[in-house]
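Here's the structure, in structure tokens; my notes come after.
Read-outs throughout are calculated quantities, based only on the coordinates presented, and are distinct from any laboratory measurement. Worth saying up front: this structure is predicted, and the values here are computed from it rather than measured. Cβ: placed from backbone, ideal geometry, glycine included. Neighbour counts: every protein chain shown.
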Amino acid sequence: MSRYKAETYKFFSDIIFKQTGMVYGENDTYRLDSRIKELMTNFEFEDEKQLVEAFKNRPSADMMTILVNISTNNETYFFRDQKPFNALSDYMYLEVKKVNPGVINIWSAACSTGQEPLSILMSIQEKFGSSELRNIKLRASDVSFKALSKAKSGTYTGLEVQRGLPINLLMKYFSHIEEEDRWQVDSNLLNQIDFRDHNLLTGSFENSKFHIIFCRNVLIYQNKDNKNIIMNKLHDALKPGGFLVLGNGESLIGMDSLLQKDTNSAMTLYRRIK
Ligand SMILES: C[S@@+](CC[C@H](N)C(=O)[O-])C[C@H]1O[C@@H](n2cnc3c(N)ncnc32)[C@H](O)[C@@H]1O
């Protein structure tokens with residue numbers, strides 16, 4: 001049973017859509033319930049009417065930031081789906097290096113709490129050695145301020161490092177903070193990442209900059225129009241010959257993208273041709 005009025009769900013799903021492009025449909029009220037409740041607790045409002053009024057009457061930047069933080073799904077883990085990271089070190093990186101002797105620009109767009117960019121760096125270091133990291137510029141961005149702050153801290157719980165991270169890599173790249181029972185990633189890896197606050201829908205993109213872009217498990221929350229907008233911007237942000245890695249099952253079938261499916265790998269990989 002719904003906890004709030006239909007207008008309240010509609011009001012917040014509209015703002016979330018405008019801010020992030022994420023769609024909360026009529027059947028998603030249960031997903032919004034806990035989020036609206038969290039907003040009420042956060043701002044100490046007693047009822048939904050007060051909360052809606054506050055958001056209608058010039059909401060502060062803080063209120064919007066918190067709304068975006070709580071409305072995004074930040075699920076992620078180290079070496080998620082594994083194949084993209086194997087393909088990165090065994091194939092994509094070598095392909096782009098062949099024609100680009102200089103620095104290789106990689107972007108983890110929608111990096112959530114940082115496991116994806118760290119997995120990118122560990123994959124490259126494990127394959128090519130630590131000196132290869134000097135040849136890489138890695139950008140990592142997300143719309144959620146909260147997820148990004150955690151990514152910047154490079155600190156993870158025992159549970160988080162158990163998800164996807166092999167024990168030898170945990171021992172090699174992380175140190176245990178006894179007092180907090182947390183794991184801190186090596187500053188050599190963390191300092192290699194240029195973290196940015198960036199919205200894929202409304203943010204600006206640098207043309208023909210990146211050799212490889214990871215944009216995984218974010219388009220599934222967008223409608224077709226927004227997917228098209230984002231895919232076109234990602235196409236332009238890639239260098240010709242550059243690779244775009246999408247999440248499992250996030251194909252471009254049925255969309256008018258200029259990107260071409262890369263048939264050399266059994267994953268959702270696209271390439272900018274020219
Ligand atoms: C499910 S996580 C995926 C994280 C990582 N890419 C992975 O595959 O493990 C989706 C991330 O997309 C971010 N996100 C949602 N809408 C966004 C937007 N419009 N621009 C940038 N990031 C967005 C969320 O904050 C969240 O951290």
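Things worth noting here:
- Lys, Arg +1 and Asp, Glu -1 on Cβ, resulting dipole of the chain about Cα centre, debye, nearest 20: 1060 debye
- With respect to the chain, whose longest principal axis is taken over its alpha-carbon atoms, helix 29-43 is tilted by about 80°.
- Intensity falloff of the chain expressed as log10 I(q)/I(0), Debye formula with alpha-carbon point scatterers, at q = 0.10 Å⁻¹: -0.56
- Here the peptides 56-66, 213-223 are ranked by packing, the mean other Cβ count within 10 Å, and the order with the highest first is 213-223, 56-66.
- Note on region 212-253: the C-alpha convex hull projects to 2.9 nm² when averaged across all orientations.
- Across the options Leu269, Ile193, Ser119, the greatest Cα extent toward the positive end of the charge dipole of region 83-271 (unit charges at beta carbon of Lys, Arg, Asp, Glu) belongs to Leu269.
- Degrees separating the helix 61-71 axis from the principal Cα axis of the chain, which is the longest one: 70 degrees
- Gyration tensor over alpha-carbon atoms, region 86-155, equivalent ellipsoid semi-axes in Å: 24, 12, 10
- Members of Lys56/Lys239; Lys146/Lys224; Lys18/Lys209 lying beyond 32 Å, as alpha-carbon distances in this model show: Lys56/Lys239
- Intensity falloff of region 61-218 expressed as log10 I(q)/I(0), Debye formula with alpha-carbon point scatterers, at q = 0.16, 0.18, 0.20, 0.21 Å⁻¹: -0.91, -1.14, -1.37, -1.48
- Volume of the Cα convex hull of region 168-274, divided per residue and given in Å³: 158 Å³
- Relative contact order of region 6-71, defined on C-alpha pairs under 8 angstrom at six or more residues apart (%): 36 percent
- Farthest toward positive dipole pole in region 12-100 [+1 Lys/Arg, -1 Asp/Glu at C-beta], among Ile36, Gly25, Ala87: Ala87
- Crossing angle, helix 224-237 versus the chain [Cα axis fit, 0-90 degrees, rounded to tens]: 40 degrees
- Whole-angstrom Cα spans of region 25-92 along principal axes, big to small: 55, 28, 19
- One Cα centroid belongs to region 112-154, the other to region 223-259; the line between them spans 22 Å.
- For region 1-115, the equivalent ellipsoid built from the Cα gyration tensor has semi-axes of 40, 16, 12 Å, listed from largest to smallest.
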